[in-house]
1. 5 Å is the cut-off here: which amide hydrogens, built 1.01 Å from N in the peptide plane, fall below it relative to S130, excluding neighbours closer than 5 in sequence?
2. Given an 8 Å cut-off on Cα distances and at least 6 residues of separation, report the relative contact order of the chain as a percent.
3. Provide the percentage of antiparallel DSSP beta bridges, counting only those with both residues in the chain; round to the nearest 5.
4. Within a Cβ distance under 14 Å of R80, other residues only, what is the Lys/Arg minus Asp/Glu net charge?
5. Only sites in a loop by DSSP and with at most 14 other Cβ atoms within 10 Å count here; which chymotrypsin sites (Phe, Trp or Tyr not before Pro) in segment 112-159 make the cut?
6. Could you give the dipole magnitude of the chain about its Cα centre, charging the beta-carbon of Lys and Arg +1 and that of Asp and Glu -1, in debye to the nearest 20?
7. Would you please give the residues with an amide H less than 5 Å from that of M62, counting only those at least 5 places away or on a separate chain, with H modeled from the backbone geometry?
8. How high is the relative contact order of segment 88-153? Use alpha-carbon pairs under 8 Å, at least six apart in sequence, and give a whole percent.
Amino acid sequence: MTFAATILTLYPEMFPGPLGVSLAGRALREGGWRCDPVQIRDFATDRHRSVDDTPAGGGAGMVLRADVLAAAVDSVADDRPILAMTPRGRPLSQAKVRAIAGGPGVIILCGRFEGFDERIFAGRAIEEVSIGDYILSGGEMGALVLLDSCIRLLPGVMGAASSGVDESFETGLLEYPQYTRPFDWEGRTIPEVLRSGDHARIAAWRKSMAETDTRLRRPDLWERHEGARVRPPSGARHEKD
Ligand code: SAH
C-alpha cells in the first residue's frame with residue numbers, strides 16, 4: 001500500500017516542493033509515496049470563484065468559507081485521516097508522526113488569510129494540528145513539515161543507515177551529541193570514549209549525555225520522561241502523545 005498524501009490548498013504549485021529532492025524525492029519518483037495537491041478554488045461555486053469572505057463580527061483579513069472547504073474535503077475523503085493545519089491545533093509530536101506514517105496516508109487542509117470558518121471542524125471529522133507556537137502565512141509549510149517527518153519513516157525511504165528509532169524524541173529524550181573526523185578541529189577533540197571501541201561504555205556515555213542534555217535544554221521533556229518512568233508501564237496514561 002502506497003502512502004498517499006492529498007493536500008487541499010490554494011497554492012498546489014508548492015507541492016511536492018522541497019519534498020521532490022533528496023530521499024523523499026527519490027521515494028516519490030519510485031512510487032514509495034504519492035503527492036496529490038488539490039486546488040481548493042476548484043470547489044468554489046460563485047461567478048468569482050471566491051473561497052473566502054470577510055470575518056463575521058468585523059476585523060481584518062479574510063476567512064475561508066466552510067461550504068467551499070467541505071466540498072473540497074468531500075471530493076477526496078476516504079479512509080485516511082483528515083488534518084487541518086492551524087496554530088490552535090494540537091502540537092505535532094513524533095508519536096503523531098509515527099501514527100500517520102503507519103497508516104494509508106493523510107489528507108491535509110491548508111489555511112490562508114485569517115484561517116478557517118470554525119464550523120468546518122464541527123461539520124467534518126477534521127483534526128487540527130499545529131507545528132509550533134508561531135504564525136505562518138499559510139498551512140502549506142506546515143503540511144510540508146508534517147509530510148517530511150512522515151515520509152522519512154516509510155519503509156525503504158531512509159535506507160539501512162538508520163531506522164530512525166535512535167533519533168531525538170523517539171525515546172522521549174534528545175539525541176546525544178555526534179562527532180566525526182577530523183579528530184582534532186581547531187584544538188577541539190572528539191570525546192575519548194567514542195574512540196575506545198568499547199560499545200558498552202559508548203552506549204552508557206550516550207545515554208548519560210542524552211539525559212543530561214534533555215534535562216538542561218528541555219526540562220519539559222525531561223519531566224515527562226521521568227514521569228513516564230516512575231508510573232506503571234500501562235494503563236496509567238490516557239494521552240497518546
Ligand atoms: N488568524 C489565525 C492565523 C492564520 S495564519 C490565528 O491567529 O490563529 C494562516 C494559516 O496558516 C492558518 O489557517 C494555518 O493553516 C496556517 N498556520 C499558521 N500558523 C500555523 C502553525 N503554527 N501551525 C500550523 N499551521 C499554521
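Values quoted throughout were computed directly from the atomic coordinates according to the rules given, and no laboratory measurement underlies them. Every value quoted in this text rests on a predicted model; they were computed, and no experiment measured them. No Cβ is skipped: glycine too gets one built from the backbone with ideal geometry, and neighbour counts run over all protein chains shown.
1. Here the answer is T86, G89, R90, L92, since their amide H atoms fall under 5 Å of that of S130.
2. Relative contact order, the chain: 19 percent.
3. The antiparallel fraction comes to roughly 20 percent.
4. So the environment of R80 carries a net charge of -3.
5. Y134
6. 540 debye
7. E114
8. 52 percent
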